[in-house]
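The values are calculated or read from the model by the stated rules, or taken from the named source; none is laboratory data. This structure is a prediction, so every number in the text was calculated from the model and none was measured. Glycine also receives a Cβ, built like all others from the backbone with ideal geometry; neighbour counts cover every protein chain displayed. The protein model used for the area step is the full one, side chains on, heavy atoms only, and it has no ligands, DNA or RNA in it. Shrake-Rupley method; radii C 1.70, N 1.55, O 1.52, S 1.80 Å.
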Amino acid sequence: MKDLTINLTSESRISKVDFHNLPFGKIISDHMFEIDFDGKEWVNPRISPVHKMEISPMNMALHYGQSIFEGMKASRSQDGTPLLFRPELHSQRLNESAHRMCMPKLPLSIFMEAVHTLVGIDQEWIPKIEGSALYLRPLMFATDEMVGVKSSDTFKFLIICLPVGPYYPKPIKLLVENHFIRAAPGGVGEAKTAGNYAAALYPSKLARDKGYDQVIWLDAIHNEYVQECGTMNIFFVFKDEVVTPATTGTILKGITRESALEICRSNGYNVSERELSIDEVLQKYHAGELVEVFGTGTVALVANVEEISYNDEIMKLDPNKWQLSTSIRNEINHMRFGTMEDKRGWTVPVNESISIPV
Ligand code: COI
């Protein structure tokens, strides 16, 4: 990347952090990356100490939600090398979200150089404790100052790094949401855009008030087909088939979902990406054919589900001896912590002097 300026902090905050007690999303590392889109090109790339940003009250992202993000993780291998997990897929998905939300593409070369350089600088912030990681949050948002509904001409892209512990330390309980929806065909469900998360806040709060961790979203047309759970993709393991809802535009194309599918297939499971009605899940449960249910996502990795409530029915599951979710979780963790050879080539060692041709 041309003209990257790096300004390092003179006073790291790292000694104040208790890495054994990391509340999700509250602790930020020392540095951040920023670059601006001036209407024509990406300019002024910089890494500097984490700082507050000045925002105009007319900022278009605040008013109309032209904002997208990614979530990815850095870990540390046994010999101390910082590793990134499938960063090029995150760059690709960021640009797919950008396309849907009328935002400029960020070249892979800028994304990669920014991630490698920033994580290289803040690598001491990668927690050494099992189950923890440095969560990277790339974010792009509109910066035009105008209260009129149109696509912004200018944007900011930034990356911040947050050391995090396990998101769901124990199995979760899900409530099937049959009134509110997350996404409709033709909408923005596949984009990782801020509004999808804002729209989910109220139904998630209602579910939490009833004692559930998250909701299972159903499709918007029939109110019948399973979509996602909370902020994760969802997998159902039946006796003879592993099913996850197909990504047909309303579901986020999860990178952990993709990785889990590949692991299932290479372990010989019969895997389907298809429509799955909640009634089929219920019927399989009553027939004793529902073996495992788990969510997948960057933050949670693989979250086992111990209870699903749908109308008057409660499906109770016992995750203690589950094989598939355990093997997916273990394989990804082994790769991320360098305790197993990464035959799939999913982890990328951080290279601070990386330079990728545009
Ligand atoms: C992720 O798993 O990266 C997510 O997007 C979840 C996040 C919204 C907390």
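State whether the residues of the stretch 273-280 include one that is open to solvent by less than 10 Å² (accessible area, probe 1.4 Å) and farther than 27 Å from Ile129 by Cα.
Within the stretch 273-280, the first condition is being open to solvent by less than 10 Å² (accessible area, probe 1.4 Å), and the residues that meet it are 276, 278.
In the following step, the residues that additionally are farther than 27 Å from Ile129 by Cα were identified as 276, 278.
Yes, the stretch 273-280 has at least one match.
Sort out which residues of the stretch 341-357 are open to solvent by 50 Å² or more (accessible area, probe 1.4 Å) and either under 20 Å from Leu134 (Cβ atoms) or of a type in the set (S, T, N, Q) (or both), and write them in order of number.
First, pick out the residues of the stretch 341-357 that are open to solvent by 50 Å² or more (accessible area, probe 1.4 Å): 341, 343-345, 349, 351-353, 355, 357.
Once the filter is applied, which keeps residues that are open to solvent by 50 Å² or more (accessible area, probe 1.4 Å) and either under 20 Å from Leu134 (Cβ atoms) or of a type in the set (S, T, N, Q) (or both), the stretch 341-357 yields Pro349, Asn351, Glu352, Ser353, Ser355.
Any idea which residue in the stretch 315-325 is most open to solvent (accessible area, probe 1.4 Å), counting only those that are in a helix (DSSP H, G or I) and touching a residue at least 12 places away in the same chain (Cβ under 8 Å)?
Filtering the stretch 315-325 for residues in a helix (DSSP H, G or I) gives 319-321, 324-325.
When the remaining residues are screened for being touching a residue at least 12 places away in the same chain (Cβ under 8 Å), the result is 319, 324-325.
Values: Pro319: 20, Leu324: 1, Ser325: 0 Å².
Of everything passing the filter in the stretch 315-325, Pro319 is most open to solvent (accessible area, probe 1.4 Å).
Give me a count of the residues in the stretch 221-280 that are of a type in the set (Asp, Glu) and in contact with a helix residue (DSSP H, G or I) (Cβ under 6 Å, 6 or more places away or on another chain). First the steps, then the outcome.
Pass one, the stretch 221-280, residues of a type in the set (Asp, Glu): 224, 228, 240-241, 258, 262, 273, 275, 279-280.
If we keep only those that are in contact with a helix residue (DSSP H, G or I) (Cβ under 6 Å, 6 or more places away or on another chain) as well, we get none.
Count: 0.
Just one of the numbered conditions (1) surrounded by fewer than 16 Cβ atoms within 10 Å (Cβ to Cβ); (2) modelled with pLDDT under 95 is not true of Gly230; which one?
Tallying (1) surrounded by fewer than 16 Cβ atoms within 10 Å (Cβ to Cβ); (2) modelled with pLDDT under 95, Gly230 fails exactly one: (1).
Would you be able to tell me the number of residues in the stretch 103-149 that are more than 30 Å from Leu22 (Cβ to Cβ) and among the aromatic types (Phe, Trp, Tyr)?
Matching residues across the stretch 103-149 total 0.
Can you pull out the residues in the stretch 56-80 that are modelled with pLDDT of 95 or more and either more than 23 Å from the chain's Cα centre (by Cα) or of a type in the set (A, V, I, L, M) (or both)?
The answer is Ser56, Pro57, Met58, Asn59, Met60, Ala61, Leu62, His63, Ile68, Met72, Ala74.
For the stretch 50-83, what are the residues that are open to solvent by less than 40 Å² (accessible area, probe 1.4 Å), touching a residue at least 24 places away in the same chain (Cβ under 8 Å) and away from the ligand (no atom under 16 Å from the Cβ)? First the steps, then the outcome.
Taking the stretch 50-83 first, the residues open to solvent by less than 40 Å² (accessible area, probe 1.4 Å) are 56, 59-61, 65-77, 80, 82-83.
Remaining after also requiring touching a residue at least 24 places away in the same chain (Cβ under 8 Å): 56, 59-61, 65-77, 82-83.
Hits for the stretch 50-83 are Ser56, Asn59, Met60, Ala61, Gln66, Arg76, Ser77, Pro82, Leu83.
In the stretch 148-166, is there at least one residue being open to solvent by 50 Å² or more (accessible area, probe 1.4 Å) and either over 22 Å from Phe69 (Cβ atoms) or modelled with pLDDT under 95 (or both)?
In the first step, residues of the stretch 148-166 are kept if they are open to solvent by 50 Å² or more (accessible area, probe 1.4 Å); the result is 149-150, 153, 166.
Okay, now just the ones that are also either over 22 Å from Phe69 (Cβ atoms) or modelled with pLDDT under 95 (or both), so 166.
Yes, because at least one residue in the stretch 148-166 is open to solvent by 50 Å² or more (accessible area, probe 1.4 Å) and either over 22 Å from Phe69 (Cβ atoms) or modelled with pLDDT under 95 (or both).
Of the conditions (1) touching a residue at least 60 places away in the same chain (Cβ under 8 Å); (2) open to solvent by less than 40 Å² (accessible area, probe 1.4 Å); (3) away from the ligand (no atom under 16 Å from the Cβ), Leu22 clears all except one; give me its number.
With respect to (1) touching a residue at least 60 places away in the same chain (Cβ under 8 Å); (2) open to solvent by less than 40 Å² (accessible area, probe 1.4 Å); (3) away from the ligand (no atom under 16 Å from the Cβ), Leu22 is out only on (3).
Could you count how many residues in the stretch 195-219 are open to solvent by 40 Å² or more (accessible area, probe 1.4 Å) and aliphatic (A, V, I, L, M)?
Residues that pass the stated criteria total 4.
Ser91: surrounded by 18 or more Cβ atoms within 10 Å (Cβ to Cβ), out of contact with any strand residue (DSSP E or B) (no Cβ under 6 Å at 6 or more places or on another chain) and more than 19 Å from Gly195 (Cβ to Cβ), yes or no?
Details: surrounded by 18 or more Cβ atoms within 10 Å (Cβ to Cβ): yes; out of contact with any strand residue (DSSP E or B) (no Cβ under 6 Å at 6 or more places or on another chain): yes; more than 19 Å from Gly195 (Cβ to Cβ): yes.
Yes, satisfied.
Considering Glu88, Glu96, Glu113, which residue is among the acidic types (Asp, Glu), within 16 Å of the ligand (Cβ to nearest atom) and closer than 17 Å to Phe157 by Cβ?
On the way: Glu88 fails: within 16 Å of the ligand (Cβ to nearest atom); Glu113 fails: within 16 Å of the ligand (Cβ to nearest atom).
Only one candidate qualifies: Glu96.
Just give me the residues in the stretch 177-190 being surrounded by 22 or more Cβ atoms within 10 Å (Cβ to Cβ) and not charged (D, E, K, R), in sequence order.
Start the filter on the stretch 177-190 by keeping residues that are surrounded by 22 or more Cβ atoms within 10 Å (Cβ to Cβ), which leaves 177, 182-183, 189.
Answer for the stretch 177-190, where residues must be surrounded by 22 or more Cβ atoms within 10 Å (Cβ to Cβ) and not charged (D, E, K, R): Ala183, Gly189.
Select from the stretch 251-271 the residues that are away from the ligand (no atom under 16 Å from the Cβ) and open to solvent by less than 10 Å² (accessible area, probe 1.4 Å) and list them in ascending order. I'd like the intermediate steps shown before the answer.
Within the stretch 251-271, the first condition is being away from the ligand (no atom under 16 Å from the Cβ), and the residues that meet it are 261-271.
Result: Leu261, Ile263, Cys264.
Scan the stretch 122-147 for residues that are open to solvent by less than 50 Å² (accessible area, probe 1.4 Å) and at pLDDT 95 or above and report the count. I'd like the intermediate steps shown before the answer.
First, pick out the residues of the stretch 122-147 that are open to solvent by less than 50 Å² (accessible area, probe 1.4 Å): 122-123, 125-127, 131-136, 138-144.
When the remaining residues are screened for being at pLDDT 95 or above, the result is 122-123, 125-127, 133-136, 138-144.
Here the count works out to 16.
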